Structure formats: C-alpha cells, structure tokens
Amino acid sequence: MKNIVEVRSLTKTYDGGFEALKSVDLDIKQGEIIALLGPNGAGKTTLISSICGITRATSGTISIGGHDNVTAFRAARNLVGLVPQEINLEPFEKVINTVRFSRGLFGKAPSDAYIESVLKSLSLWDKKDSKVMALSGGMKRRVLIAKALAHEPRVLFLDEPTAGVDVELRKDMWEVVAKLKEDGVTIILTTHYIEEAEAIADRIGVIASGEILLVEDKADLMTRMGQKTLKVDLAEPISEIPKGLSAYDLTIEGEGLLYSYDTKTDRTGITSLLADLQKAGLKMTDLQTRQSSLEEIFVSLVADKEGAA
Amino acid sequence: MNFQAIKSIYIFEMARFFRTLMQSFISPVISTSLYFVVFGTAIGSRIESVEGVGYGAFIVPGLIMLSVMTQATSNASFGIYFPKFIGTIYELLSAPVSFFEITVGYVGAAATKAMFIGLVILATSFLFVDFTIEHPIAMIAFLTLTCLSFSLLGFIIGIWAGNFEQLQLIPLLIITPLVFLGGSFYSVTMLPPIWQTITMFNPVVYLISGFRWSFFGTADVSIGLSLFAIGLFTCICLGIIAWIFRTGWRIRQ
C-alpha cells in the first residue's frame, strides 16, 4: 500500500533546549488507522504538530501525499485535518459558523450541503445554531472533529480524541472513525487508552521519550498477546517436573508450576494437564490465569526505554 | 493566493463586530458627544476660532482620528491575540494560508471596523456643529490609510502581547498620549516655540494635520509631508510584520 505520510529523520528541539523528538521515521499507509501510544510527554503531540505545520521541525523532512510540508505547504496541508487535544474553540460563535470558517480557511468554496452532512454524521445538526460555549464538553469535541472534516481532508489527525470523554461518546467516536476509514480517509490517532488502540487501529506505534519504539500490525501484536499462562499452586513444592508431565510446557516457579498456552488454538491442553497433574499425585491449592496484554508490552517497552535513558 | 481564506477570516472577524454592534456603535457616539459638549460648547464658546475655523468644527478631524487610531489598534490587536489566547490559532497555523493572507484578513476586518466608527463619529459631529468637507476624496483616503496603518500596528501588538495587560499597555502608554499631544484639540501653532519643535517628532501630528487639511484646507505641516509620514509609518509596520512571519516570532515554535 502507498504511503500517504512519510516522516524522515525528524527532530525537534524546543527553544528551552528540550529535545521532544529524536530522529523519528514513520510511514503512514493510505487508508489505514494507526494509533500512536505513549505516555505523557512522549512527543506524540509534537510529532503531530510538526506534520500539521504548527511547530517547525528542527531537522528532517515530512511529506504528505508526496508534497513536502514546508516547500509545498499548501498542497500538503490541503490534505490534512487536525483535531487538537485541547478544546480550542471560539466560544461566542455559532457551531455552523465555526465549521464554515474552517472550510473557508482551507480554501474550499462554501458548501452548505457538505457541512450539513458532516454535522449530521456527528449528531450536531440540531445544535448548529447554538453558541459553542453553550455545548457540553463532548459536543465541543464533536465540533472540533466537524471543523477538521470541513475541508474534506484525506488524512485526519486525532490528538487524544477521547480523553475525558464518557464511554458512550467514546463508542460514538469510534464509529465516526470507522465510517471515515470506509470513505478512504487515513487516520492517525494518539491515545493513552490501550483498549482504544485495540478496538480501532490497524497498526500500532509506540512512542516514548521522543523515539518511536515499534510500529506493528495490530494482528501481530494480538498474537503476541494471545499467549496466556496458567499458574498452578501446589500444596507441596516440587524440585523437578514429574515424568508423566514432560509433554507439557511447564516451568517451576516458587511453590507452583507455570503453564503457557495459546488461547487462539482449538485445544489449550488445560483439561488434560489438570487430569495428568492428579495422576502424578500432585495436590493443587489454587489456579490462576494471566494474559500478557498490549498494556504490558507497552509498559515494558516504555520502562526499558526510560530505564536506558 | 487563498482568497477563500482571506474572505473567511474577514467574515469571521466582522461577525464578532456585529455581535457587539450596540457597544461598537454606542460608545463612540456617546464619547464624541461628550467631547463636543465639553470642548465644543463649554470651552469652545470662549475660543473664537482657530485658523479661521470655529473651534467646534476644528476639533472634528482630531476627534475622529483619536477614535480611529485607538479603535483600529485595539480591534486588530484583540483580533489576533484572542485566537492565541483561546488556542484556536492552531487552525490558522495548520491551514494552507500564508501569513500574508492571515494579515490581510485580520487587518482588513479591523480597519473596516475602525473606518465604520470614524464615519459614525463624523455623522454625529454634524448634529453638533456646522462644517463642510473641502476635499472629501482626500478625507476618505487619509481615513483609510490611518485605519490600515494603525490596524497593522495593532496586529503587531496582538502578536507580541503575552497577556491582556500587555494588550492594553501600548495603546494606553503610547498611542493615547501621542494622539492627545498630536494636535487633536489645538493647532500646533498655538504652542510655545520650543514645544512646537518637540511636537514635530510626534508622528501623529502629521496624520491629524493632513486629515484636518482635507476638511478645512489648512494644515500645520505640508500635505506632502503628511502623506510621506503616513506612508513611512505603514511601511515600518509592514516591515515588522514581514519579519515576524519569516521568523514565526511568538506564533510558531
């Protein structure tokens, strides 16, 4: 698949000397949803701001749809819509006027029909004549999305779109994102919420301390996450694995045994393991299962990174 | 050139003006009326005439300039400071617009508002005093240039300002005194010689003098010098804005 955004050796050092991005390379494929995960201060917003032209990169290049975002900034920016993290809206203006303004700012001729369709898809149509300041927080977030979509962008950046949003609205947002993907819009979202990345992304990137640690297909990550372990606590500790159990992938840990298995397969082997444990004369006191989640992978990656730094 | 963007910024800014039309309209009318009552009628009745013009009429161009300069500056500075303050500036920075287009949109809207207020004051003046405008085209030209150049100045202040206090600082500390001491309410020739010389360093003198010439055909300084002064002022403001945009100073990190 073609890359719609290409980031090469991007660095950003702020005036105070803070190095927010350290040589970032990132390819975003046309039509995908990519989630950038990372702790606070990882550089997610700086990366997005640099791509969208809000901050100047210290070095490196960014191209959007083949257009350099500095030398051909008009062509590059025409393709991009941005939903910022903060609710930055003109409070005294009507919803529909702020959306019209955004469309005009991007050089598009007025189109009430298109703006109507955007507002309707975001359930904002009946609020179109309300002043922005009269809306709830969730509604304001929708207005931000409507503004970002007002000029029919091909690439949409969502900077923590569901931070501080209730569960229902979060689900609504995911639906909106899915709909946009159907329409062929490429979506880049940053988030703290692992489940959000799991729910909607095609690929997942992890960023920490200004570096991209990994970018992987969600499916591959899910396979890694499919590994589960069963912990069997025994009444009496054993020093070696009994002969009858050698066929199982077992390790001794403390007073018990650890068994790794794959939840995605038809047979997990748990039933026969338990039967064989009994045959071997081992007494069980407790059973626990554990799944390595994306969150654990993420936390260990970030911890390694920050430990090394 | 992204004309659509210029139009959008202009319309959006004018909408702010129309939302507060009553304040925008009533406050200059009231303050002008007060000036006429105090200076024109109460004090003016003791002053026969200045350079052959009745004092009430004499202060009309000065009053218009006083309001136009302060309004243009405050409108333009607020216009660009407000998006910075509430954060909506992100949209301007991420849009396919050049800084030139942004300036035209904001400065154009601020100048229009100032022009509107100037014309309202002019209309109000006719209720209080009797006068004719000798050079109406020159009058409109001077008014337009003043609106534009002071809106440019306001735009710079709005970009520079880091808080609302700073936004008020320059208009309060510099523009108002310069306008008051720039011959709004008197002719420069009425001052003692030493002050006449000092006054010549005040750029506002040239603007008010030129504007007054378009009304009454008399001026403190030659009309050519007035035009040169306002042209120079506009060029300096444009130069500063060009520098701001090239460096992204206080706008783009």
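Just so you know, all these numbers are worked out from the coordinates, no wet-lab data involved. What you see is a predicted model, and the numbers here were worked out from it, not measured in a lab. Every residue, glycine among them, receives a Cβ derived from its backbone with ideal geometry; neighbour counts consider all protein chains shown.
Descriptive notes on the structure:
- The listed peptides B:94-106, A:236-248, A:119-131, A:180-192, ordered by packing as a protection proxy, come out as B:94-106, A:180-192, A:119-131, A:236-248 (highest mean of other Cβ atoms within 10 Å first).
- Taken over the stretch A:121-192, the convex hull of the Cα atoms encloses 91 Å³ per residue.
- Shielding value for A:46-57 is 3, the average number of Cβ atoms from other chains within 10 Å of each residue's Cβ.
- What the Kirkwood sum gives for the stretch A:106-255 is a hydrodynamic radius of 19.4 Å, with every pair of different alpha carbons counted.
- Reciprocal of mean inverse Cα separation for the stretch A:227-291 (Kirkwood radius, Å): 12.0 Å
- When the charge dipole of the stretch B:3-247 is built from unit charges on Cβ atoms (+1 for Lys and Arg, -1 for Asp and Glu) and taken about the Cα centre, the candidate among B:Thr247, B:Ala57, B:Val37 whose Cα reaches farthest toward its positive end is B:Thr247.
- For the peptides B:145-151, B:87-93, A:254-260, A:99-105, residues were scored by their other Cβ atoms within 10 Å and the scores averaged per peptide; the highest-first order is B:145-151, A:99-105, B:87-93, A:254-260.
- Against the main long axis of the alpha-carbon atoms of chain A, helix A:167-182 sits at an angle near 70°.
- Candidate cross-link partners of A:Lys108 among the lysines, defined by an alpha-carbon separation under 21 Å and a same-chain spacing of 8 or more, comprise A:Lys94, A:Lys120, A:Lys128, A:Lys147, B:Lys7.
- Size descriptor, Kirkwood hydrodynamic radius, that averages inverse alpha-carbon separations across the stretch A:1-113, Å: 15.7 Å
- Within the protein assembly as shown, percent of DSSP bridges classed antiparallel, to nearest 5: 70 percent
- Structure remark: mean-square fluctuation, Gaussian network model of chain B, C-alpha springs under 10 Å; the largest value among B:Leu172, B:Leu119, B:Leu152 belongs to B:Leu172.
- Dipole in debye (nearest 20) - chain B, about Cα centre, beta carbon charges: Lys, Arg +1; Asp, Glu -1: 640 debye
- Taken over chain A, the convex hull of the Cα atoms encloses 174 Å³ per residue.
- Selection from B:Met1, B:Ile198, B:Gly108, by position along the positive dipole direction of chain B (Cβ): B:Met1
- Residues with amide H under 5 Å from that of A:Leu89, placed H, sequence gap 5 or more: none
- Contact order, relative form, for chain A: 19 percent (alpha carbon pairs under 8 Å, 6 or more residues apart, mean separation divided by residue count).
- Cα-centred dipole magnitude for chain A, charges only on beta-carbon of K, R (+1) and D, E (-1), debye, nearest 20: 1200 debye
- Note on chain A: dipole from Cβ charges, positive end direction compared against A:Leu234, A:Ile252, A:Val132; the farthest Cα belongs to A:Val132.
- Placing unit charges on the Cβ atoms only, positive for Lys and Arg and negative for Asp and Glu, gives the protein assembly as shown a dipole magnitude near 1380 debye about its Cα centre.
- Residue-wise HN-Hα couplings along the stretch A:212-220, as the Karplus relation 6.51 cos²θ - 1.76 cosθ + 1.60 with θ = phi - 60° gives them from phi, are 7, 8, 7, 9, 9, 4, 4, 4, 5 Hz; Gly and Pro carry x.
- A DSSP coil position with no more than 13 other Cβ atoms inside 10 Å describes the following chymotrypsin sites (Phe, Trp or Tyr not before Pro) in the stretch B:192-253: B:Phe201, B:Trp249.
- Nearest 10 degrees, 0 to 90: helix A:294-308 Cα axis against chain A principal axis: 80 degrees
- Relative pair counts by distance (%), Cα atoms of the stretch B:3-247, 10 Å bins: 7, 31, 34, 19, 7, 1, 0
- The distance from the alpha carbon centre of the stretch A:247-279 to that of the stretch B:77-147 is 79 Å, rounded to a whole number.
- Relative to the longest principal axis of the Cα atoms of chain A, the long axis of helix A:270-279 makes an angle of roughly 20 degrees.
- Cα gyration tensor of the protein assembly as shown - equivalent ellipsoid semi-axes, whole Å, descending: 69, 22, 20
- Percent of Cα pairs in the stretch A:85-135 per distance bin of 10 Å, from zero to the largest separation: 25, 55, 20.
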